[in-house]
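A short reminder: the numbers here are calculations on the coordinates, not readings from a lab. Keep in mind that this is a model prediction, so the values were computed, not measured. A quick note on method: Cβ atoms are made from the backbone with ideal geometry, for glycine too, and the neighbour counts reach across all protein chains shown.
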Amino acid sequence: MKKTLSLLLMGFVGMAGTYALAGSTREDTVERLQKSVDVLHAIMSAPDKGIPEEVLSGAKCILVVPDLIKGGFIFGAKHGRGVATCRTSEGWSAPAFVSVGGGSWGLQIGVEGVDLVMLVMNEQGFQHLLSSKFELTGEGSAAAGPVGRHASAGTDWKMNTEMLTYSRSKGVFAGLTLEGAVVEEDNDSTHAIYGKATAFRTILDGKTLTPKSAEAFIHAVSQAGQQARIAEAGDGKK
């Protein structure tokens, strides 16, 4: 009898721990969505010092990783979790959750938290993102993105670069190189928000409804894209 009660108690404790972990993951993911909204608002409020209008309006997908941690001594490392959405025939897809990790070689001292923004610029980059795991500069071609109201006429980002990457630190955007970073699906966050395992491709292809907790993020992405297109069209008339 005592043994049976002990087993039942252990089972209840295990279930409680699982629910607590799931709740914590959901809270963290919802907070990440809100921080990503803040990053997008920063893009819209600083067009002269942010991502160029034609780059933002032409992006197939937008990926935001708030508080990407960079740090190390001699060897550097990067890690963060973020959220992505892609254009579909009916607007922007529901959010898919990702993690970004990887190493870099070089003399580095200290730890720094930055916001990362990645823009997928062409179909090849989109297919790499749909694969749910790929390495930048390995399978996926990435480059530090241009900054300012307009992209430099001398850049070839429209033709050759699959992804453009940016960092935001202390309110200032800058092009960022992520040599060897790996982008992959964040299954824990996906399950926490959608309540079940949901295929990465299904979400980004626009076949999944946006959950209420992510509506503000999708709205912010839509606003940023519309603002960029309007500004670009206005500049073209000058």
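Here the spin labels are modelled as points 7 Å beyond Cα on the Cα-Cβ line, and at THR88 and SER213 they lie 2.0 nm apart. Label separation (SER24 vs ASN187): 2.0 nm, computed from points 7 Å beyond Cα along the C-beta direction.
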